[in-house]
1. What tally of residues in the stretch 226-244 results from selecting those that are in a strand (DSSP E or B) and buried (at least 19 other Cβ atoms within 10 Å of the Cβ)?
2. Would you say residue 54 is under 18 Å from residue 313 (Cβ atoms) and at pLDDT below 95?
3. With the structure loaded, tell me whether residue 353 is more than 32 Å from the chain's Cα centre (by Cα) and surrounded by 13 or more Cβ atoms within 10 Å (Cβ to Cβ) or whether it fails that test.
4. Anything in the stretch 434-450 that is outside any strand (DSSP E or B) and either under 15 Å from residue 386 (Cβ atoms) or touching a strand residue (DSSP E or B) at 6+ places or on another chain (Cβ under 6 Å) (or both)? List them, or say none.
5. Tell me which residues, restricted to the stretch 106-116, are surrounded by fewer than 24 Cβ atoms within 10 Å (Cβ to Cβ) and in contact with a strand residue (DSSP E or B) (Cβ under 6 Å, 6 or more places away or on another chain).
6. Tell me whether the stretch 262-269 contains one or more residues that are outside the structural domain of residue 404 (by TED's automatic domain parsing), closer than 30 Å to residue 26 by Cβ and in contact (Cβ under 8 Å) with a residue 12 or more places away in the chain.
7. Given the conditions (1) touching a residue at least 12 places away in the same chain (Cβ under 8 Å); (2) in a loop (DSSP other than H, G, I, E, B), and given that residue 102 satisfies all but one, which numbered condition is not satisfied?
8. For the stretch 115-177, give me every one of the strands (runs of 3 or more DSSP E) that falls completely inside it and has 2 or more residues that are under 27 Å from the mean Cα position of the chain (by Cα), assigned by TED's automatic domain parsing to the domain that holds residue 78 and farther than 21 Å from residue 84 by Cβ.
């Protein structure tokens, strides 16, 4: 437990090198000691994490702020903003906790928000929690030292709330239109009957005026968190936290109204929430802008391992998002390929009905797999990962029709009936994340440590595994 004690001894420190070393030592020890702990999905050093906050790319560095409950003097802290930085979106360094709940306006938690650059400084707007939806405040924070420390000021009082049931601040997307700063804040309409995305504007970041709910035509659930209006490919995507719904449509900045042009679809039907598509970098084709979406992999708390302190939740792989085929198209960041090693390839083979075929060259609890299937006469076919010799494990499947899913999660429609199905699978101990034709699904898998097999299966008919490429994956903390 020496790494745990060493980290907790400096958890409130603002010394960057001291904190970073203690956190890295703890992370490496946790990975070695806990078979459920992911090695290339982001987790907190210990304890609870949730929403990715304040994700921003600035001066060649990626900053990830995130909801974090560190253990302070033996007790779980109220919510803070943890902080990690990276040069490649893969290997991260822990920096000291950025924001603590240390004022009367955020005494029950530094809740979600986002960051931006103002006058050359990393600046943030976040929800100061005092009594949940009953009492919140809009908080402005800014850093004079590149994000290591912050000053803060309350700029949106609880008395400004849109209505009795809608907080003045609950999550925030931030952007600028001309001379006006804009915030999109979650909430509900009068009487709590319909979720709302409230637009606020300010010219000085301190005096905010409520404009309107930008999506009055969308009737979907009674409360929205995490509203994001994202410009992509000449259109706009509206994503809200009420599950994981999104709509593609148009936004009129003059009337301040979003008009959906597609039916509601899901960002991810699995163990996933709290998407944050706020980050833009310059790593697209020919140095173009690229939109990156972070997310919370809601995997819960793994089984207890003796001698190891508790940790809970993780983040998904950062995803590059675009619009394609009239839907949100998601792909894992290509930078993750730097963790690959021990490449294995398979030849084409027929998978018989109801008899899973072991892929003996591919095994492990930290893998990347790309498998292409022709579905043939099968009702469903795909892969079983974290499998034992009897074929028990997590099934990742495509149907004879147009559906794709992971056993235990929802499914989604995505393919034409006769198209080949390419499953891009990431197995990371307690997390399984799968991509297929621009759709992503996240799942938890707290399988016993000895379940490391991979099998191909075909239900009620033959399918063909046309090609297979797989790699073992190194730790992002090495």
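1. 11
2. When the stated conditions are applied, residue 54 passes them.
3. yes
4. 438, 445, 446, 447, 448, 449, 450
5. 108, 109, 116
6. Looking for residues that are outside the structural domain of residue 404 (by TED's automatic domain parsing), closer than 30 Å to residue 26 by Cβ and in contact (Cβ under 8 Å) with a residue 12 or more places away in the chain, one finds at least one in the stretch 262-269, hence yes.
7. So residue 102 meets the others, but not (1).
8. The qualifying strands (runs of 3 or more DSSP E) are 121-129, 136-142, 173-177.
The values are calculated or read from the model by the stated rules, or taken from the named source; none is laboratory data. Here the structure is a predicted model, which means the values were calculated and not measured. Cβ atoms come from the backbone with ideal geometry, glycine included; neighbour counts cover every protein chain shown.
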